[in-house]
Amino acid sequence: DEWHWQSIDDQIILKAKPDNVKKQLLALYDLCLTGEALSYLQAQDRKCFDLFLANAKVFARVAPKQKELIITALKAQGYVTLMCGDGTNDVGALKHADVGVALLANAPEKVPERKRKDENGIQGNENVDKLAKAALNRASCLGELNCWFDLKP
């Protein structure tokens with residue numbers, strides 16, 4: 001079977017590489033890349049891999065090494081990266097991200113704040129809090145996606 005982009009409701013199917021990718025795909029739809037699609041693109045067409053990676057809104061069913069690949073590839077393209085993970089199998093991606101946020105299971109509800117101020121006069125973990133809030137604000141925009149598309153074989 002040929003790879004193609006498919007809408008979540010299976011109503012629209014587009015070629016994996018339309019003649020004008022930016023006009024026929026990126027300008028009209030929001031993309032989701034699965035781990036399988038990442039492997040395919042990485043092996044078949046590095047230029048498309050970089051283009052689709054930078055324009056994907058959602059990554060799903062991605063292996064830990066692929067998470068690390070996503071972060072390092074986006075950083076190589078000049079993007080600032082933030083990775084949220086559980087801190088177990090996401091360690092590589094968390095370490096490579098400009099900001100890595102490990103979400104701890106069974107952590108105490110309130111972590112004691114540091115009283116020292118950093119060079120900007122911000123106390124404790126407020127820097128991380130501000131970055132996490134910005135990431136959550138960005139993530140909440142995902143509810144406004146045009147149409148979910150996934151690259152499938």
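The values are calculated or read from the model by the stated rules, or taken from the named source; none is laboratory data. This structure is a prediction, so every number in the text was calculated from the model and none was measured. Counting neighbours? That spans all protein chains shown, and the Cβs are built from the backbone with ideal geometry, glycine included. What goes into the accessible areas is simple: the full protein's heavy atoms, side chains included, and nothing from ligands, DNA or RNA. Shrake-Rupley method; radii C 1.70, N 1.55, O 1.52, S 1.80 Å.
Among the listed pairs Lys23/Lys95; Lys15/Lys95; Lys47/Lys152; Lys17/Lys95; Lys22/Lys95; Lys95/Lys152, those with a Cα-Cα distance over 27 Å are Lys23/Lys95; Lys15/Lys95; Lys17/Lys95; Lys22/Lys95; Lys95/Lys152.
Computed from label points 7 Å out along Cα-Cβ, the spacing between Cys48 and Lys95 is 3.3 nm. For the range 1-91, the spherically averaged projection of the C-alpha convex hull amounts to 6.7 nm².
Taking all protein chains together and a 1.4 Å probe, the residues Arg46, Arg61 rank Arg61, Arg46 from largest to smallest accessible area.
Surface composition of the range 1-94: carbon and sulfur make up 50 percent of the accessible area, probe 1.4 Å.
Per residue, the range 36-96 exposes 56 Å² of accessible surface when a 1.4 Å probe is rolled over the protein heavy atoms with every protein chain present.
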